[in-house]
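Laboratory data are not the source of any read-out in this text; all were calculated from the coordinates shown. A quick note: this is a predicted structure, and the numbers were derived from the prediction, not measured. A quick note on method: Cβ atoms are made from the backbone with ideal geometry, for glycine too, and the neighbour counts reach across all protein chains shown.
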Amino acid sequence: MKRTFKRVMAVHDLSGLGRSSLMAATPVLSVMGAQVCPVPTAVLSSQTSGFENYTFVDLTDNMPAYLQHWKELQLDFDCIYSGFLGSVQQIVIMEQILADFNADGQTLVVIDPVLGDDGALYDTMDQQMVEEMGRLITHADIITPNMTELKLLLDLPAERELYAEDLAEILPQMAAKGPGTVVVTGVHRKDGGRCVCCYQKDLAQYQEIAYKELPICYPGTGDIFASVLIGGILQGRTLQESIQLSADFICHAVADAIEAGEPIRDGVQLEKNLYRLVLPSGK
């Protein structure tokens, strides 16, 4: 029987507190009409930014049997989406996922290459992870790095200032390493504005999608951005429409969190804004 709904495999950690990773991807994609099938890479009591003494359970050893069950069930997916991968072994497992569940190359593969931010690697990452992530993204249709991750993947100096005006030349270099589309978030323009920059290799097309800059950065916004982007594409929107939807959604959720005075570590006001993502009836 043919499925009447979209199905997404989401390979992420699950953080019990904080609107990030699977706690962001699941509600966002669900309200956008997709069934989310999580593959948890780890379970944490909270996301790590702003919290201390959080608990962490690595699920690497559980992942092969978990995925073998799905393989036996002959599950198929419209999108395979990976976020935080905590080790080289998990990257190897992710490559096996793509071999098992995207053998025909017809499934949308979105990889958020979680490596670092603010000019530095995360504490759990090292140069080997950068190199292995560079290999993994060769399998991606879309990657969604931030500026720090873009520099890491291209081996550019962290201190090098890059603006949107520079990325028209740099993003084709990133796409030449494998991914069909590169979407970079949180990019500054020389005129002081902010935008998302994207490059589509098959069209040789570079674009900038502007959005309103807000004064506070919240954890989890990268996960939310990628999730809305995927949801938009699966709803039938163009890449550019999906990027604009993602950027606008995050601006609303951040603005509401600022107005409410919520602790930054708790993330943006995701739940209040989910209604913005529902496809109109009949579409």
ask   = If the cut-off is 23 Å between C-alpha atoms, which lysines fall inside it for LYS190, apart from same-chain ones fewer than 8 positions away?
value = LYS151, LYS212
note = Using alpha carbon centers only, region 213-283 is separated from region 82-145 by a whole-angstrom value of 23
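What percent does the relative contact order of region 36-173 come to when contacts are Cα pairs within less than 8 Å and at least six residues apart? The partial results should precede the final answer.
On the way: 137 pairs, mean separation 25.8, N = 138.
Relative CO of region 36-173 lands at 19 percent.
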ask   = For region 189-252, which semi-axes, largest first and in whole Å, follow from the square roots of 5 times the eigenvalues of its Cα gyration tensor?
value = 20, 17, 9
ask   = Pairs LYS6/LYS177; LYS177/LYS201; LYS6/LYS201: which exceed 18 Å Cα-Cα?
value = LYS6/LYS177; LYS6/LYS201
ask   = Using the Cα gyration tensor of region 64-166, with a ≥ b ≥ c the square roots of its eigenvalues, what is the shape: rounded (a/c below 1.5), prolate (a/b larger than b/c) or oblate (neither)?
value = prolate
note = Diffing region 255-261: the Karplus 3J(HN,Hα) column from phi (6.51, -1.76, 1.60, θ = phi - 60°), in whole Hz with x for Gly and Pro, holds 4, 5, 5, 5, 4, 7, x
task = Name the residues whose placed amide hydrogens come within less than 5 Å of the amide hydrogen of LEU17, ignoring near sequence neighbours (fewer than 5 apart) on the same chain.
result = SER46, GLN47
query = What size of dipole, in debye to the nearest 20, comes out for region 137-283 about its Cα centre when the only charges are +1 on Lys and Arg C-beta atoms and -1 on Asp and Glu C-beta atoms?
reply = 300
ask   = So, in nm, how far is label GLN128 from label TYR163 when the simple model puts each one 7 Å beyond its Cα toward the Cβ?
value = 4.0
remark   = Taking N as the number of residues in region 6-268, the ratio of its alpha carbon radius of gyration to 2.2 N^0.38 Å works out to 0.95
message = Just to be sure I understand: with springs between alpha-carbon atoms less than 10 Å apart, which residue in LEU115, LEU73, LEU154 has the highest mean-square fluctuation in the Gaussian network model of the chain?
response = LEU73
Selection from LEU121, GLY193, ILE233, by position along the positive dipole direction of the chain (Cβ) = ILE233
note = Taking LYS190, LYS177 and counting other beta carbon atoms within 10 angstrom, the fewest-first order is LYS190, LYS177
key: Inter-label distance for GLU52 and GLN173, nm, one decimal - labels placed 7 Å from Cα along Cα-to-Cβ   = 4.1
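Using a cut-off of 14 Å between beta-carbons, work out the net charge of the residues near ARG7 (Lys and Arg +1, Asp and Glu -1, ARG7 not included).
Values: positive: LYS2, ARG3, LYS6; negative: ASP76, ASP78.
It works out to a net charge of +1.
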query = Around ASP117, which amide H atoms from residues at least 5 apart in sequence, or from another chain, sit under 5 Å from its own amide H, with H modelled in the peptide plane?
reply = TYR122
ask   = Each residue of region 205-214 in turn: what ³J(HN,Hα) in whole Hz from Karplus with 6.51, -1.76, 1.60 and θ = phi - 60°, glycine and Pro shown as x?
value = 10, 10, 9, 10, 10, 6, 8, 6, 7, 10
query = Which whole-angstrom value gives the distance between the alpha carbon centres of region 165-190 and region 26-69?
reply = 28
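Multiply the residue separation of HIS188 and ARG265 by 0.36 nm, subtract the distance between their alpha-carbon atoms, and state the gained length in nm to one decimal. Display every interim value, and only then the final one.
Working: separation 77, 0.36 × 77 = 27.72 nm, distance 2.36 nm.
Between HIS188 and ARG265, full extension yields 25.4 nm more.
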task = Answer rounded, prolate or oblate for region 115-211, using the Cα gyration tensor with square roots of eigenvalues a ≥ b ≥ c: rounded when a/c is under 1.5, else prolate when a/b is larger than b/c, else oblate.
result = oblate
note = GNM on the chain, Cα springs under 10 Å; top mean-square fluctuation among LEU67, LEU29, LEU245 goes to LEU67
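Please report, in debye to the nearest 20, how large the charge dipole of region 74-164 is about its Cα centre when each Lys and Arg carries +1 at its beta carbon and each Asp and Glu carries -1 there.
On the way: 3 positive and 17 negative charges, 22 e Å.
Dipole magnitude for region 74-164 comes out near 100 debye.
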ask   = Residue separation times 0.36 nm, minus the C-alpha to C-alpha distance between HIS69 and CYS37: what's the value?
value = 10.2 nm
query = Ranking HIS12, HIS252 by Cβ neighbours within 10 Å, fewest first, what do you get?
reply = HIS252, HIS12
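So in the chain, what percent of DSSP beta bridges are antiparallel if you round to the nearest 5?
On the way: 18 of 40 bridges.
Just about 45 percent of them are antiparallel.
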Region 144-187 residues near the modelled ALA204 label - backbone nitrogen below 20 Å, point 7 Å along Cα→Cβ = 166-183
inquiry  = For region 1-151, take N as its residue count and report Rg(C-alpha) divided by 2.2 N^0.38 Å.
reply    = 1.03
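Which value at 222 nm does the chain reach when only helices count, each DSSP H run of 4 or more adding -39,500 (n - 2.57), with the total divided by all residues and rounded to the nearest 500 deg cm²/dmol? Numbers along the way, then the final one.
Values: 9 runs with 103 residues, N = 283.
That calculation yields -11000 deg cm²/dmol at 222 nm.
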query = Which one of CYS197, CYS251, CYS217 has the biggest mean-square fluctuation once the chain is modelled by GNM with Cα springs under 10 Å?
reply = CYS217
